[in-house]
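Everything below concerns the one structure shown next.
All of the numbers you see were taken from the coordinates with simple rules; none came from a lab. The shown structure was predicted, so the numbers you read here are calculated from the model rather than taken from an experiment. Virtual Cβ from ideal backbone geometry, glycine too; neighbours counted across all protein chains shown.
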Amino acid sequence: MVALNINGRVYDVDADPEMPLLWAIRDRLNMTGTKFGCGRALCGACTVHIDGEAARSCSIMVGTVAGKQITTIEGVTGKVADAVRGAWQKLDVVQCGYCQSGQIMNAITLLSGNSKPTDADIDLSMEGNICRCGTYVRIRAAIHEAAKALT
Ligand code: FES
Ligand code: FES
């Protein structure tokens, strides 16, 4: 058993400490908003927040995050999260949607640390989040839109 603090609640998860956090979130706790893409920390589909920072849950073992604050797309709150969600809806960013929870979680981390990111800041910060539908232009515009809403 591993005790995981996810979205403000502690779950005793029946998992080996070596289990990837993504498996625990999706398969043990049925929080399916966080997606499996590559399983090798290469695509960003599985991005969650650990102690407020974006992290790739496919490549983090549950035994290493016991006691940390884990946040998934289902539980992320606050004015930055609200601004990002609002901008995503306003600009109709999503196409198939598969990558988007990871994109949103990463964008929230970006805007939490940089309230006025430039195009270059956005490209640098978001480049590891792959979108097979090619929504990059709308993602960038939505991050600017969210930044504007936060001022
Ligand atoms: S599934 Fe984790 S980075 Fe691709
Ligand atoms: S919206 Fe389809 S993979 Fe990004």
So, in region 113-139, of the ones that are surrounded by 18 or more Cβ atoms within 10 Å (Cβ to Cβ) and away from ligand 2 (no atom under 13 Å from the Cβ), which residue ends up farthest from residue 49 (Cα to Cα)?
117
Filtered residues of region 117-135 (kept if farther than 20 Å from residue 82 by Cα and in a helix (DSSP H, G or I))
119, 120, 121, 123, 124
Flagged in region 68-86 as among the hydroxyl-bearing types (Ser, Thr, Tyr) and closer than 18 Å to residue 2 by Cα, in numbering order, are 71, 72
What tally of residues in region 82-116 results from selecting those that are in contact with a helix residue (DSSP H, G or I) (Cβ under 7 Å, 6 or more places away or on another chain), not charged (D, E, K, R) and not in a helix (DSSP H, G or I)?
5
